[in-house]
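First the structure, in the form of C-alpha coordinates, and then the observations on it.
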Amino acid sequence: MLAYSTYSEAGGVGKTTTAANLAVAHARAGLKPLVVPLDPQDGDLSRLFGVDTERTESVDNIVRHMIRRPSGDFDDLVRTVEGVDVIPEHNMLSDLAEYLQREKEQAEAMGEAFGMHAQLLRVLQEAGVPDEYDVLICDPPATEGPHLYNAIHATRSLVIPVEPSAKGRAAVEGLESLVAGLEDQLDVEVGVLAAMPVGFKNTRDQRTILDEIDYPIPEVIGERASLMEGCWMQQCSAFEYVREHRDRRRDYEIETLAQFDRIARHLEEQVGLEAPNPPEPGDLDHEVLSA
(Lines give C-alpha, C1' and ligand atoms only; values in the text may rest on other atoms or scores of the structure.)
Protein backbone atom coordinates (compact mmCIF):
# COMPACT_ATOMS: atom_id res chain seq x y z
CA MET A 1 0.00 0.00 0.00
CA LEU A 2 1.14 3.52 -0.81
CA ALA A 3 0.81 5.71 2.29
CA TYR A 4 1.84 9.34 2.73
CA SER A 5 0.99 12.55 4.55
CA THR A 6 0.83 15.90 2.79
CA TYR A 7 2.74 18.30 4.98
CA SER A 8 4.44 21.66 4.99
CA GLU A 9 5.53 23.84 7.88
CA ALA A 10 4.41 26.86 5.86
CA GLY A 11 0.70 27.58 5.64
CA GLY A 12 -1.15 28.55 2.50
CA VAL A 13 0.84 26.38 0.09
CA GLY A 14 -2.06 24.22 -1.10
CA LYS A 15 -1.47 21.26 1.20
CA THR A 16 -5.14 20.27 1.38
CA THR A 17 -5.89 20.78 -2.32
CA THR A 18 -2.78 18.72 -3.07
CA ALA A 19 -4.07 15.85 -0.94
CA ALA A 20 -7.54 16.02 -2.52
CA ASN A 21 -6.34 16.18 -6.12
CA LEU A 22 -3.77 13.44 -5.69
CA ALA A 23 -6.43 11.22 -4.11
CA VAL A 24 -8.68 11.74 -7.14
CA ALA A 25 -5.72 11.12 -9.47
CA HIS A 26 -5.13 7.75 -7.77
CA ALA A 27 -8.83 6.90 -8.04
CA ARG A 28 -8.90 7.88 -11.74
CA ALA A 29 -6.31 5.16 -12.35
CA GLY A 30 -8.49 2.46 -10.80
CA LEU A 31 -6.92 2.43 -7.34
CA LYS A 32 -8.84 2.63 -4.07
CA PRO A 33 -7.69 5.58 -1.92
CA LEU A 34 -8.64 6.45 1.65
CA VAL A 35 -8.07 10.00 2.87
CA VAL A 36 -7.87 10.74 6.59
CA PRO A 37 -7.82 14.53 7.13
CA LEU A 38 -6.91 15.57 10.66
CA ASP A 39 -7.06 19.36 10.51
CA PRO A 40 -9.60 20.85 12.97
CA GLN A 41 -9.76 24.11 10.98
CA ASP A 42 -13.00 24.90 9.11
CA GLY A 43 -11.19 25.19 5.76
CA ASP A 44 -10.38 21.51 5.72
CA LEU A 45 -10.44 18.66 3.24
CA SER A 46 -13.87 17.53 4.39
CA ARG A 47 -15.19 20.98 3.48
CA LEU A 48 -13.45 20.85 0.09
CA PHE A 49 -15.17 17.55 -0.71
CA GLY A 50 -18.53 18.61 0.70
CA VAL A 51 -18.71 15.95 3.43
CA ASP A 52 -18.21 18.38 6.33
CA THR A 53 -21.75 18.29 7.69
CA GLU A 54 -21.91 16.22 10.89
CA ARG A 55 -19.82 17.68 13.71
CA THR A 56 -21.97 17.32 16.85
CA GLU A 57 -20.48 15.43 19.79
CA SER A 58 -23.03 12.63 19.44
CA VAL A 59 -21.73 11.74 15.96
CA ASP A 60 -19.18 8.94 15.76
CA ASN A 61 -15.84 10.16 14.44
CA ILE A 62 -12.16 9.24 14.11
CA VAL A 63 -11.25 10.74 17.51
CA ARG A 64 -13.69 8.44 19.31
CA HIS A 65 -11.98 5.48 17.65
CA MET A 66 -8.51 6.77 18.54
CA ILE A 67 -9.40 7.00 22.24
CA ARG A 68 -11.11 3.60 22.18
CA ARG A 69 -14.60 5.06 22.58
CA PRO A 70 -16.22 4.33 19.20
CA SER A 71 -19.99 4.55 18.91
CA GLY A 72 -20.13 2.63 15.64
CA ASP A 73 -18.11 0.68 13.08
CA PHE A 74 -15.13 2.23 11.31
CA ASP A 75 -16.73 1.59 7.93
CA ASP A 76 -19.67 3.80 8.92
CA LEU A 77 -17.31 6.79 9.19
CA VAL A 78 -16.47 6.63 5.50
CA ARG A 79 -17.97 9.00 2.93
CA THR A 80 -17.25 8.45 -0.77
CA VAL A 81 -16.86 11.31 -3.24
CA GLU A 82 -15.27 11.33 -6.70
CA GLY A 83 -14.13 7.75 -6.20
CA VAL A 84 -12.32 8.63 -2.97
CA ASP A 85 -13.19 7.37 0.50
CA VAL A 86 -12.89 10.11 3.13
CA ILE A 87 -13.07 10.02 6.93
CA PRO A 88 -14.65 13.45 7.63
CA GLU A 89 -13.08 15.76 10.16
CA HIS A 90 -14.94 16.49 13.38
CA ASN A 91 -14.95 19.16 16.08
CA MET A 92 -13.40 16.72 18.55
CA LEU A 93 -10.13 17.01 16.61
CA SER A 94 -9.65 20.46 18.18
CA ASP A 95 -9.13 18.79 21.56
CA LEU A 96 -7.33 15.67 20.33
CA ALA A 97 -4.30 16.23 22.56
CA GLU A 98 -6.47 16.43 25.68
CA TYR A 99 -8.48 13.34 24.75
CA LEU A 100 -5.34 11.31 24.07
CA GLN A 101 -3.61 12.47 27.26
CA ARG A 102 -6.66 11.60 29.34
CA GLU A 103 -6.86 8.13 27.79
CA LYS A 104 -3.13 7.62 28.34
CA GLU A 105 -3.45 8.48 32.04
CA GLN A 106 -6.40 6.13 32.48
CA ALA A 107 -4.58 3.31 30.67
CA GLU A 108 -1.42 3.74 32.76
CA ALA A 109 -3.49 3.75 35.95
CA MET A 110 -4.71 0.29 34.88
CA GLY A 111 -1.17 -0.86 34.09
CA GLU A 112 -1.73 -0.66 30.32
CA ALA A 113 0.39 0.96 27.64
CA PHE A 114 -1.09 3.68 25.43
CA GLY A 115 1.01 5.23 22.70
CA MET A 116 -0.51 8.66 22.08
CA HIS A 117 1.03 8.93 18.63
CA ALA A 118 0.25 5.40 17.45
CA GLN A 119 -3.53 5.44 17.83
CA LEU A 120 -4.45 6.33 14.26
CA LEU A 121 -2.22 3.52 13.02
CA ARG A 122 -3.91 1.13 15.45
CA VAL A 123 -7.39 2.15 14.29
CA LEU A 124 -6.48 1.75 10.63
CA GLN A 125 -4.84 -1.63 11.16
CA GLU A 126 -7.75 -2.97 13.22
CA ALA A 127 -10.15 -1.81 10.48
CA GLY A 128 -8.18 -3.71 7.84
CA VAL A 129 -7.28 -0.57 5.88
CA PRO A 130 -3.91 -1.91 4.60
CA ASP A 131 -5.73 -4.85 3.01
CA GLU A 132 -8.80 -2.99 1.74
CA TYR A 133 -7.16 0.11 0.25
CA ASP A 134 -4.37 0.74 -2.24
CA VAL A 135 -3.54 4.27 -1.08
CA LEU A 136 -3.70 6.02 2.29
CA ILE A 137 -3.36 9.81 2.44
CA CYS A 138 -3.33 11.76 5.69
CA ASP A 139 -3.75 15.54 5.72
CA PRO A 140 -2.63 16.88 9.12
CA PRO A 141 -2.40 20.55 10.10
CA ALA A 142 0.88 22.44 9.60
CA THR A 143 1.58 22.72 13.33
CA GLU A 144 3.39 20.03 15.27
CA GLY A 145 1.29 18.01 17.70
CA PRO A 146 -0.67 14.74 17.98
CA HIS A 147 -2.49 15.30 14.68
CA LEU A 148 0.79 15.44 12.77
CA TYR A 149 2.49 12.76 14.84
CA ASN A 150 -0.36 10.28 14.37
CA ALA A 151 -0.41 10.97 10.62
CA ILE A 152 3.35 10.43 10.31
CA HIS A 153 3.24 7.31 12.44
CA ALA A 154 0.51 5.87 10.20
CA THR A 155 2.09 6.73 6.84
CA ARG A 156 5.87 7.01 7.42
CA SER A 157 6.19 9.10 4.24
CA LEU A 158 5.69 12.74 3.24
CA VAL A 159 4.64 14.63 0.13
CA ILE A 160 5.60 18.27 0.59
CA PRO A 161 3.97 21.18 -1.24
CA VAL A 162 6.58 23.92 -1.48
CA GLU A 163 6.11 27.62 -2.11
CA PRO A 164 9.07 28.75 -4.28
CA SER A 165 9.78 31.84 -2.16
CA ALA A 166 11.99 32.91 0.72
CA LYS A 167 9.28 31.64 3.07
CA GLY A 168 9.17 28.32 1.25
CA ARG A 169 12.96 28.09 1.29
CA ALA A 170 12.97 28.47 5.07
CA ALA A 171 10.36 25.73 5.39
CA VAL A 172 12.40 23.36 3.23
CA GLU A 173 15.60 24.18 5.11
CA GLY A 174 13.89 23.28 8.37
CA LEU A 175 12.43 20.09 6.98
CA GLU A 176 15.48 17.87 7.41
CA SER A 177 15.74 18.71 11.11
CA LEU A 178 11.97 18.28 11.44
CA VAL A 179 12.07 14.82 9.82
CA ALA A 180 15.00 13.81 12.03
CA GLY A 181 13.10 15.03 15.09
CA LEU A 182 10.00 13.11 14.08
CA GLU A 183 12.03 9.96 13.58
CA ASP A 184 13.60 10.29 17.02
CA GLN A 185 10.33 11.11 18.77
CA LEU A 186 8.22 8.47 17.05
CA ASP A 187 11.00 5.88 16.65
CA VAL A 188 10.12 5.34 12.98
CA GLU A 189 11.86 6.09 9.70
CA VAL A 190 10.25 8.93 7.75
CA GLY A 191 10.82 9.25 4.01
CA VAL A 192 10.07 12.09 1.60
CA LEU A 193 8.47 10.77 -1.58
CA ALA A 194 8.29 14.10 -3.38
CA ALA A 195 8.43 17.87 -3.09
CA MET A 196 5.78 19.73 -5.08
CA PRO A 197 6.59 23.35 -5.92
CA VAL A 198 3.33 25.25 -6.40
CA GLY A 199 2.66 28.79 -7.60
CA PHE A 200 5.78 28.76 -9.80
CA LYS A 201 6.24 31.85 -12.01
CA ASN A 202 9.66 30.91 -13.40
CA THR A 203 11.61 33.81 -11.92
CA ARG A 204 15.37 33.58 -11.38
CA ASP A 205 14.96 33.55 -7.60
CA GLN A 206 12.39 30.78 -7.81
CA ARG A 207 14.63 28.68 -10.04
CA THR A 208 17.44 29.11 -7.52
CA ILE A 209 15.20 27.91 -4.71
CA LEU A 210 14.15 24.84 -6.70
CA ASP A 211 17.80 23.97 -7.32
CA GLU A 212 18.35 23.91 -3.56
CA ILE A 213 15.66 21.27 -2.89
CA ASP A 214 17.25 17.86 -2.35
CA TYR A 215 14.05 15.87 -2.60
CA PRO A 216 12.52 14.43 -5.80
CA ILE A 217 10.48 17.00 -7.76
CA PRO A 218 8.28 15.11 -10.25
CA GLU A 219 6.42 18.25 -11.41
CA VAL A 220 6.46 22.02 -10.89
CA ILE A 221 2.96 23.51 -10.75
CA GLY A 222 2.39 27.08 -11.87
CA GLU A 223 0.17 29.80 -10.43
CA ARG A 224 -3.36 28.34 -10.40
CA ALA A 225 -5.17 30.47 -7.83
CA SER A 226 -8.36 30.74 -9.90
CA LEU A 227 -8.56 26.97 -10.41
CA MET A 228 -7.99 26.16 -6.74
CA GLU A 229 -10.38 28.85 -5.52
CA GLY A 230 -12.99 27.39 -7.86
CA CYS A 231 -12.51 23.99 -6.24
CA TRP A 232 -13.32 25.46 -2.81
CA MET A 233 -16.32 27.37 -4.16
CA GLN A 234 -17.81 24.28 -5.80
CA GLN A 235 -16.52 21.80 -3.16
CA CYS A 236 -14.80 19.43 -5.54
CA SER A 237 -11.43 18.44 -6.96
CA ALA A 238 -9.75 20.32 -9.79
CA PHE A 239 -10.70 17.45 -12.11
CA GLU A 240 -14.38 17.80 -11.29
CA TYR A 241 -14.23 21.58 -11.39
CA VAL A 242 -12.77 21.75 -14.89
CA ARG A 243 -15.07 19.01 -16.17
CA GLU A 244 -18.34 20.30 -14.69
CA HIS A 245 -17.95 23.97 -13.81
CA ARG A 246 -15.73 25.59 -16.41
CA ASP A 247 -17.54 27.00 -19.45
CA ARG A 248 -14.54 26.08 -21.57
CA ARG A 249 -11.44 24.01 -21.04
CA ARG A 250 -8.22 25.98 -20.73
CA ASP A 251 -5.04 24.28 -21.91
CA TYR A 252 -3.00 25.41 -18.91
CA GLU A 253 -5.59 23.98 -16.49
CA ILE A 254 -5.68 20.67 -18.37
CA GLU A 255 -1.90 20.60 -18.05
CA THR A 256 -2.23 21.12 -14.29
CA LEU A 257 -4.58 18.13 -14.11
CA ALA A 258 -2.08 16.14 -16.15
CA GLN A 259 0.58 17.08 -13.61
CA PHE A 260 -1.49 15.67 -10.75
CA ASP A 261 -1.93 12.46 -12.75
CA ARG A 262 1.80 12.22 -13.37
CA ILE A 263 2.66 12.95 -9.73
CA ALA A 264 0.27 10.19 -8.64
CA ARG A 265 2.04 7.74 -10.99
CA HIS A 266 5.42 8.85 -9.59
CA LEU A 267 4.28 8.20 -6.02
CA GLU A 268 2.82 4.82 -6.91
CA GLU A 269 6.08 3.80 -8.57
CA GLN A 270 8.01 4.57 -5.37
CA VAL A 271 6.38 1.59 -3.66
CA GLY A 272 5.93 -0.65 -6.72
CA LEU A 273 2.17 -0.04 -6.91
CA GLU A 274 0.84 -0.53 -10.44
CA ALA A 275 -2.41 1.28 -11.23
CA PRO A 276 -4.78 -1.01 -13.18
CA ASN A 277 -6.31 1.67 -15.42
CA PRO A 278 -4.12 4.79 -15.62
CA PRO A 279 -5.51 7.57 -17.82
CA GLU A 280 -3.67 9.61 -20.36
CA PRO A 281 -2.53 12.46 -18.09
CA GLY A 282 -5.21 15.15 -17.96
CA ASP A 283 -7.79 13.15 -19.94
CA LEU A 284 -11.15 14.16 -18.48
CA ASP A 285 -13.04 11.68 -20.68
CA HIS A 286 -11.18 8.73 -19.21
CA GLU A 287 -13.50 5.97 -18.02
CA VAL A 288 -12.88 5.34 -14.34
CA LEU A 289 -13.22 1.67 -13.43
CA SER A 290 -14.16 0.68 -9.89
CA ALA A 291 -11.27 -0.38 -7.73
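The values are calculated or read from the model by the stated rules, or taken from the named source; none is laboratory data. Since this is a predicted model, take the numbers as computed values, not measurements. Every residue, glycine as well, gets a Cβ built from its backbone with ideal geometry; the counts of neighbours run over all protein chains shown. Ligands, DNA and RNA are stripped out before the accessible areas are found, and what is left, the full protein with its side chains, is counted by its heavy atoms. Shrake-Rupley method; radii C 1.70, N 1.55, O 1.52, S 1.80 Å.
Restricting attention to region 265-282 and to residues that are loosely packed, with under 14 Cβ neighbours inside 10 Å and touching an Asp or Glu at 6+ places or on another chain (Cβ under 9 Å), the residue that is farthest from Asp134 (Cα to Cα) turns out to be Glu280. Where strands (runs of 3 or more DSSP E) sit wholly within region 101-219, those with at least 1 residues that are closer than 30 Å to Asp76 by Cα and among the acidic types (Asp, Glu) occupy 135-139. When each of Glu287, Glu229 is tested for being without any contact (Cβ under 8 Å) to a residue 12 or more places away in the chain, exposed (fewer than 13 other Cβ atoms within 10 Å of the Cβ) and within 20 Å of the chain's Cα centre (by Cα), the lone residue that passes is Glu229. On inspection, Asp76 passes the criterion of being among the charged types (D, E, K, R), outside any loop (DSSP other than H, G, I, E, B) and open to solvent by 60 Å² or more (accessible area, probe 1.4 Å).
Within region 93-116, can one find any residue that is of a type outside the set (Asp, Glu), without any contact (Cβ under 8 Å) to a residue 40 or more places away in the chain and within 30 Å of Tyr241 (Cα to Cα)? Step through it out loud before you land on a result.
Residues of region 93-116 that are of a type outside the set (Asp, Glu), as a first pass: 93-94, 96-97, 99-102, 104, 106-107, 109-111, 113-116.
Now narrow it down to the ones that are without any contact (Cβ under 8 Å) to a residue 40 or more places away in the chain: 99, 101-102, 104, 106-107, 109-111, 113-116.
Still in the running and within 30 Å of Tyr241 (Cα to Cα): none.
No, that holds for no residue.
Tell me, yes or no, whether region 45-56 has at least one residue that is open to solvent by 20 Å² or more (accessible area, probe 1.4 Å), in a loop (DSSP other than H, G, I, E, B), polar (S, T, N, Q) and at pLDDT 90 or above. No; the residues of region 45-56 include none that is open to solvent by 20 Å² or more (accessible area, probe 1.4 Å), in a loop (DSSP other than H, G, I, E, B), polar (S, T, N, Q) and at pLDDT 90 or above. Scanning for something within 23 Å of Arg262 (Cβ to Cβ), touching a residue at least 60 places away in the same chain (Cβ under 8 Å), assigned to a loop (DSSP other than H, G, I, E, B) and out of contact with any Asp or Glu (no Cβ under 8 Å at 6 or more places or on another chain), does region 21-33 turn up at least one residue? Yes, because at least one residue in region 21-33 is within 23 Å of Arg262 (Cβ to Cβ), touching a residue at least 60 places away in the same chain (Cβ under 8 Å), assigned to a loop (DSSP other than H, G, I, E, B) and out of contact with any Asp or Glu (no Cβ under 8 Å at 6 or more places or on another chain).
Within region 189-226, being under 27 Å from Glu144 (Cα atoms), touching a Lys or Arg at 6+ places or on another chain (Cβ under 8 Å) and surrounded by fewer than 16 Cβ atoms within 10 Å (Cβ to Cβ) holds for Glu189, Gly191, Glu212. With respect to (1) modelled with pLDDT under 95; (2) basic (Lys, Arg); (3) surrounded by fewer than 17 Cβ atoms within 10 Å (Cβ to Cβ); (4) part of a helix (DSSP H, G or I), the lone exception for Arg262 is condition (1). Apart from one condition, Val129 fits all of (1) out of contact with any helix residue (DSSP H, G or I) (no Cβ under 7 Å at 6 or more places or on another chain); (2) farther than 21 Å from Val271 by Cα; (3) open to solvent by less than 30 Å² (accessible area, probe 1.4 Å); (4) in contact (Cβ under 8 Å) with a residue 12 or more places away in the chain; the exception is (2).
Might you check whether a residue that is open to solvent by 70 Å² or more (accessible area, probe 1.4 Å), out of contact with any strand residue (DSSP E or B) (no Cβ under 7 Å at 6 or more places or on another chain) and assigned to a loop (DSSP other than H, G, I, E, B) occurs anywhere in region 249-258? Yes, the conditions are met somewhere in region 249-258. Selection over region 79-97 of residues that are more than 16 Å from the chain's Cα centre (by Cα), open to solvent by 20 Å² or more (accessible area, probe 1.4 Å) and not charged (D, E, K, R) gives a count of 3.
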